[in-house]
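Written out below as structure tokens is the structure these notes cover.
The values are calculated or read from the model by the stated rules, or taken from the named source; none is laboratory data. None of these values were measured; they are calculated from a predicted model. A quick note on method: Cβ atoms are made from the backbone with ideal geometry, for glycine too, and the neighbour counts reach across all protein chains shown.
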Amino acid sequence: MKNKHWLIILFVCLCIISCNNNDWILFRASNNYFPLTTGDRWTYETNGASELVKVISDTNAYGISCSYLTRNFADEFWTKDNNEVKKLVLRTVNYGGTDYTIQQVWTVQYHLPFVLGNYWSNTYNDTTTVLGDTFYTSQTITRKVVAVEDINVPAGSFLQTYKLEYIENVTINDSTEQYSGFEWYAPGLGLVKKIVNNTEQVLIDYSVK
């Protein structure tokens, strides 16, 4: 009889845990981790320096409908559908005061929805000749969803954030740069923390509709 009581208690506990897990899964699935509404803004801090990211408007860039953002007044273009988040990458070289484009490509940055354990990697290659010089460019973006965590940053405390591990390699001719670290995305808000090559960036203020 005693064993029966313990089995009932164990069953109830497992049901409670399962219900809570399902509630959190539904909560995460119903939230937007990449808000891109005109007027949305995020302010980050890295080593005492602030960075303002702001959604300016909807627009069309290089044949794709997208969102126009500024990052400390530098232009960025992002687009999002049900499955992917893409960023327009433009790389240039300067000759005699004139910038020439050596890479122009919409890169897949994220696959949606986030699911714990999901992994993706995309490589983009370009070869361009500028004033007789040939430039070979290659960019590989790799990300994996490694955890779901609650996190505290100066802008507040956020539950059920997705933690992503990432590696990005950029090669121009014989020169390669590597960036690696982690990102945390909060439901309904977006990026709240990022570590790049051991340098930490945290959200300090935001306004999201």
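Taking segment 168-209 as the search range and keeping residues that are of a type in the set (Gly, Ala, Ser) and either under 20 Å from Ser138 (Cα atoms) or under 16 Å from the mean Cα position of the chain (by Cα) (or both), which one is surrounded by the most Cβ atoms within 10 Å (Cβ to Cβ)?
At the first step, the residues of segment 168-209 found to be of a type in the set (Gly, Ala, Ser) are 175, 180-181, 186, 188, 190, 207.
If we keep only those that are either under 20 Å from Ser138 (Cα atoms) or under 16 Å from the mean Cα position of the chain (by Cα) (or both) as well, we get 175, 180-181, 186, 188, 190.
Working: Ser175: 7, Ser180: 14, Gly181: 17, Ala186: 25, Gly188: 11, Gly190: 20.
By that ranking, first place goes to Ala186.
Specify which of the listed residues (Val146, Val105) is among the hydrophobic types (A, V, I, L, M, F, W, C), over 26 Å from Thr46 (Cβ atoms) and in contact with an Asp or Glu (Cβ under 8 Å, 6 or more places away or on another chain).
Values: Val146 fails: over 26 Å from Thr46 (Cβ atoms).
From the options Val146, Val105, the qualifying one is Val105.
Is one or more of the residues making up segment 156-167 basic (Lys, Arg), within 25 Å of Asn118 (Cα to Cα) and either exposed (fewer than 14 other Cβ atoms within 10 Å of the Cβ) or touching a residue at least 12 places away in the same chain (Cβ under 8 Å) (or both)? So that I can check it myself, show each step before the final result.
Step one: of segment 156-167, the residues basic (Lys, Arg) are 163.
Now narrow it down to the ones that are within 25 Å of Asn118 (Cα to Cα): 163.
Then keep just the ones that are either exposed (fewer than 14 other Cβ atoms within 10 Å of the Cβ) or touching a residue at least 12 places away in the same chain (Cβ under 8 Å) (or both); that gives 163.
Yes, segment 156-167 has at least one match.
Here is a list of conditions, (1) surrounded by fewer than 12 Cβ atoms within 10 Å (Cβ to Cβ); (2) under 23 Å from Cys66 (Cβ atoms); (3) not hydrophobic (A, V, I, L, M, F, W, C), and Thr128 meets all of them except one; can you say which number that is?
(1)
Considering (1) closer than 20 Å to Gly188 by Cα; (2) modelled with pLDDT of 95 or more; (3) surrounded by 11 or more Cβ atoms within 10 Å (Cβ to Cβ), say which one Phe34 fails and leave the rest.
The number of the failed condition is (2).
Filter segment 69-102 down to the residues that are surrounded by 15 or more Cβ atoms within 10 Å (Cβ to Cβ), under 16 Å from the mean Cα position of the chain (by Cα) and not hydrophobic (A, V, I, L, M, F, W, C), then identify the one that is farthest from Tyr44 (Cα to Cα).
Within segment 69-102, the match that is farthest from Tyr44 (Cα to Cα) is Glu84.
Condition (residue is in contact with a helix residue (DSSP H, G or I) (Cβ under 9 Å, 6 or more places away or on another chain) and without any contact (Cβ under 8 Å) to a residue 40 or more places away in the chain) applied to segment 177-188: is it met by at least one residue? Give the steps one after another, and end with the answer.
Kept after step one, since they are in contact with a helix residue (DSSP H, G or I) (Cβ under 9 Å, 6 or more places away or on another chain), are these residues of segment 177-188: 187.
Among the residues that remain, those that are also without any contact (Cβ under 8 Å) to a residue 40 or more places away in the chain are: none.
Scanning segment 177-188, I find no residue that is in contact with a helix residue (DSSP H, G or I) (Cβ under 9 Å, 6 or more places away or on another chain) and without any contact (Cβ under 8 Å) to a residue 40 or more places away in the chain, so the answer is no.
Which of the residues spanning segment 57-79 are farther than 13 Å from Trp106 by Cβ, in a strand (DSSP E or B), out of contact with any Asp or Glu (no Cβ under 9 Å at 6 or more places or on another chain) and not small (Gly, Ala, Ser)?
Of everything in segment 57-79, those that are farther than 13 Å from Trp106 by Cβ, in a strand (DSSP E or B), out of contact with any Asp or Glu (no Cβ under 9 Å at 6 or more places or on another chain) and not small (Gly, Ala, Ser) turn out to be Asp58, Thr59, Asp75.
List every residue pair whose Cβ atoms lie under 9 Å apart, where the two residues are 6 or more positions apart in sequence or sit on different chains, the first residue falls within segment 106-129 and is more than 30 Å from Asn173 (Cα to Cα), and the second residue, located anywhere, is among the polar types (S, T, N, Q).
Close Cβ pairs satisfying both conditions: Leu112/Asn82; Leu112/Asn83; Pro113/Asn82; Pro113/Asn83.
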